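Asker: Let me begin by handing over the structure; questions about it come next.
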Amino acid sequence: MKHVLVSGGTSTLGKAVCSRFIAEGAMVYCGYSSGEQKAQELVRQLGSSLVPVRLDVTDQASIDDVASKIQSLDVLVNNSGVFSVFSVEELQTEEIQRIFDINVTGLMRVTKRMAPFLQASKGSIINVASINAFHPGFGGTVHYDASKGAVVSYTMSLARELAPLVRVNAVAPGLLEAPYLDETNPLRKLYEQRALLGCLVDADQVSLAVQFLSRCTAMTAQVITIDAGYLAG
Ligand SMILES: NC(=O)c1ccc[n+]([C@@H]2O[C@H](COP(=O)([O-])OP(=O)(O)OC[C@H]3O[C@@H](n4cnc5c(N)ncnc54)[C@H](OP(=O)(O)O)[C@@H]3O)[C@@H](O)[C@H]2O)c1
């Protein structure tokens, strides 16, 4: 049986990724930081092959604790990520550090700790970047955009370091469908106007790309963009 660890497993995208790997018969460790209740709810929905584990990517002890609970690992999905909006003038160093500690350093901490399991299983890593790594966003996100740029370059470098045993790839989603983005939301309108397909991105479609990267043994050091044609628009 395949063993998968998803950080931020109860997030919009995390849930879709957990659900897809459960459907293929995997055992999925669903990492949560503050969302224990959401993780328990997900177990009720997806069944006992989903194992909630407390995983705060800023806390080495919590990462070590997860490592002590898992016997093997085939796929690591580094999905945890946070976002905020501040103009360059308002942006404080503490906020830059918070975003980088979760989106970049946290991802690197988890990867370093889990790498021996993945080397043993000849497994793979899928990092969650963003189209913001490649375009300027809607404003006020220089810190987030830079953090996702770092995820992309980390993916390339790590793929080289861990080859040939472990494959390392990334997905770069566009704006994900979420309840807060209702029909009147100006962000939705801006996104839909530019995206060639005229819509936001369903998390389930991103999870399809994550699953594909976990299976396609000829791919490493790649980033797949899933953005409904936003970047090309
Ligand atoms: N939403 C979008 O439009 C979009 C677009 C492109 C890329 N992405 C990327 O896709 C990924 C998932 O996004 P999302 O929108 O699905 O997330 P989300 O719903 O906003 O949830 C954020 C997730 O990050 C986790 N997290 C926060 N602090 C953490 C910490 N210290 N340690 C571990 N986990 C932590 C949260 O866990 P708890 O709730 O348990 O604290 C939660 O699962 C992120 O990397 C994001 O940058 C999102």
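Laboratory data are not the source of any read-out in this text; all were calculated from the coordinates shown. Keep in mind the model is a prediction, meaning the values are calculated, not measured. For neighbour counting, all protein chains shown are included, and Cβ atoms are generated from backbone atoms with ideal geometry for every residue, glycine included.
Asker: On a 22 Å Cα-Cα criterion, which of the cross-link pairs Lys69/Lys122; Lys2/Lys122; Lys15/Lys112 come out too long?
Answerer: On the way: Lys69/Lys122 20 Å; Lys2/Lys122 12 Å; Lys15/Lys112 24 Å.
Cα-Cα > 22 Å for Lys15/Lys112; rest within.
Asker: Sticking with this one: For a paramagnetic label modelled at 7 Å from the Cα of Glu90 toward its Cβ, which residues of the stretch 167-183 fall within the zone defined by backbone nitrogen distances under 12 Å?
Answerer: none
Asker: Further question: Residue-wise, which Karplus ³J(HN,Hα) couplings in Hz belong to the stretch 145-158, taking 6.51 cos²θ - 1.76 cosθ + 1.60, θ = phi - 60°, and x for glycine or proline?
Answerer: 4, 5, 5, 6, x, 5, 4, 5, 5, 4, 4, 4, 5, 5
Asker: By counting other Cβ atoms within 10 Å of each Cβ, how are Glu89, Glu95 ranked from fewest to most? Working shown, then result.
Answerer: Details: Glu89 5, Glu95 13.
Ascending Cβ contact count within 10 Å gives the list Glu89, Glu95.
Asker: In addition: Using only Cα positions of the stretch 20-84, each an equal point scatterer, no hydration layer, compute I(q)/I(0) via Debye at q = 0.22, 0.23 Å⁻¹ and quote the log10 values to two decimals.
Answerer: Rounded to two decimals, the profile gives -1.04, -1.12.
Asker: So, one more: Could you check which residue among Gly106, Gly174, Gly137 shows the biggest mean-square fluctuation in a GNM of the chain with a 10 Å Cα cutoff?
Answerer: Gly137
Asker: Could I ask something else about it? Where Rh denotes the Kirkwood radius from the mean inverse Cα pair distance, what is Rg over Rh for the chain?
Answerer: Details: Rg = 17.0 Å, Rh = 17.9 Å.
Expressed as Rg/Rh, it is 0.95.
Asker: Arranged by the count of other C-beta atoms within 10 angstrom, fewest first, what order do Leu165, Leu55 take?
Answerer: Numbers: Leu165 13, Leu55 24.
Least to most surrounded, the residues fall as Leu165, Leu55.
Asker: Going Cα to Cα from Lys189, which aspartates and glutamates come in below 20 Å? Please leave out same-chain ones fewer than 8 positions away.
Answerer: Glu177, Asp202, Asp227
Asker: I'd like to compare 44-52, 22-30: which one has the highest average count of other Cβ atoms within 10 Å, and what's the full order after that? Mind dumping the intermediate values first?
Answerer: On the way: 44-52: 14.4, 22-30: 18.7.
With the highest mean Cβ count within 10 Å placed first, the list reads 22-30, 44-52.
Asker: Which of Glu177, Glu94 comes first, and how do the rest follow, when ranked by fewest Cβ neighbours within 10 Å? Before the final figure, lay out each step's value.
Answerer: Details: Glu177 14, Glu94 8.
Final ranking by Cβ density, sparse to dense: Glu94, Glu177.
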